[in-house]
Amino acid sequence: MGNFITFEGIEGCGKSTQIQLLGEWLVSIGKRVLMTREPGGTELGERIRTLLKDKCLDGHFSAKAELLLFEASRAQHMEKKIVPALTRGDDVLCDRFSDSSTVYQGAARKVPTSDVAFLNKFATNNLMPDLTIIVDITSEESVRRVLGRRGQIDRIEKENLSFFNDVRNGYLSIAKGDRRFLVVNGDQSVSDIQNEIRREYRARFM
Ligand code: Z5A
């Protein structure tokens, strides 16, 4: 089985940048790698992603409907992409996974934690990542980076700072005392963060 590594954090924390660099390094040392993301990763999942990010639907999602769409994308992703890749022996680097639902829909949107946990298990057949890297930045830094990138922000990004604080605290709280997680300070340089991630990969998997 390959190693299953997920990346989490509030928006703009730098996950995608780090996944790309880790993926390139792993390929350079001879590993086979699948880089993928949630919501998305399959044709159906990408259509669900488009629906979830549709600006015309701003304010139209109930928290439960939103959660079920993320979980539908995840179930498809697990069965069609992630499990086959891990079984082939590929490493899978996934931009967001079930911890995003735990934190965004559970901790921040207040869907009961036990319901989110049940649906996460249902969608994933309880397959957990071997390692989850949380790239931690403040919510103020998140908003600065998102607004710096483009003038317009989408529905989920429009949530207020207190929502992003709930998300950040949710991540820090699930990571506490759980060896599955590595929390990295995302306010460092891109290369310092990458070095920390590679050190962890070496320590755990090589
Ligand atoms: N969501 C959910 O609610 N429930 C779920 O179950 C799932 C998802 C799976 C998906 O958004 C949304 O869905 C997300 C959670 C929700 N909503 N929010 N908010 P997305 O996929 O469109 O975007 P994202 O995952 O939130 O983040 P992102 O836009 O892809 O950004 P990122 O991956 O965290 O960061 P980045 O693209 O690598 O970097 C962002 C910027 O910062 C960029 O300009 C970089 O050049 C810069 N950057 C990167 N690293 C650094 C450092 N170290 N210093 C300074 N600047 C940096």
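The values are calculated or read from the model by the stated rules, or taken from the named source; none is laboratory data. Because the structure is a prediction, the values reported are computed rather than measured. Don't worry about glycine lacking a Cβ; one is built from the backbone with ideal geometry, like all the others, and counts go over all protein chains shown.
Residue by residue through the stretch 21-36, note down the ones that are among the hydrophobic types (A, V, I, L, M, F, W, C) and over 18 Å from the mean Cα position of the chain (by Cα). Full working, then the answer.
First, pick out the residues of the stretch 21-36 that are among the hydrophobic types (A, V, I, L, M, F, W, C): 21-22, 25-27, 29, 33-35.
Answer for the stretch 21-36, where residues must be among the hydrophobic types (A, V, I, L, M, F, W, C) and over 18 Å from the mean Cα position of the chain (by Cα): 25, 26, 27, 29.
Working only within the stretch 41-61, note down all residues that are of a type in the set (Val, Ile, Thr), within 12 Å of the ligand (Cβ to nearest atom) and surrounded by 13 or more Cβ atoms within 10 Å (Cβ to Cβ).
The initial filter retains those residues of the stretch 41-61 that are of a type in the set (Val, Ile, Thr), namely 42, 48, 50.
Pick out the ones that are also within 12 Å of the ligand (Cβ to nearest atom) and you get 48, 50.
Passing the criteria: only 48.
Is at least one residue of the stretch 25-40 over 21 Å from residue 132 (Cβ atoms), of a type outside the set (Val, Ile, Thr) and within 13 Å of the ligand (Cβ to nearest atom)?
Among the residues of the stretch 25-40, not one is over 21 Å from residue 132 (Cβ atoms), of a type outside the set (Val, Ile, Thr) and within 13 Å of the ligand (Cβ to nearest atom), which makes the answer no.
Taking into account only those residues within the stretch 37-72 that are assigned to a loop (DSSP other than H, G, I, E, B) and within 16 Å of the chain's Cα centre (by Cα), which is modelled with the lowest pLDDT?
Filtering the stretch 37-72 for residues assigned to a loop (DSSP other than H, G, I, E, B) gives 38-42, 53-54, 58-62.
Retained after the next criterion (residues that are within 16 Å of the chain's Cα centre (by Cα)): 38-42, 53.
Working: 38: 98, 39: 98, 40: 98, 41: 98, 42: 98, 53: 94.
Residue satisfying both the conditions and the ranking: 53.
Considering only the stretch 62-108, how many residues are near the ligand (Cβ under 10 Å from one of its atoms) and out of contact with any Lys or Arg (no Cβ under 6 Å at 6 or more places or on another chain)?
The qualifying residues number 21.
Which condition breaks for residue 192 when tested against (1) surrounded by 15 or more Cβ atoms within 10 Å (Cβ to Cβ); (2) modelled with pLDDT of 95 or more; (3) near the ligand (Cβ under 9 Å from one of its atoms)?
For residue 192, the exception is condition (1).
Only one of (1) surrounded by 20 or more Cβ atoms within 10 Å (Cβ to Cβ); (2) in contact with a helix residue (DSSP H, G or I) (Cβ under 7 Å, 6 or more places away or on another chain); (3) at pLDDT 95 or above; (4) small (Gly, Ala, Ser) fails for residue 75. Which number is that?
Every listed condition holds for residue 75 apart from (1).
Return the only residue of 34, 86, 93 being buried (at least 18 other Cβ atoms within 10 Å of the Cβ) and in a helix (DSSP H, G or I). Show your work before the answer.
Numbers: 34 fails: in a helix (DSSP H, G or I); 93 fails: in a helix (DSSP H, G or I).
Sole residue among the options that is buried (at least 18 other Cβ atoms within 10 Å of the Cβ) and in a helix (DSSP H, G or I): 86.
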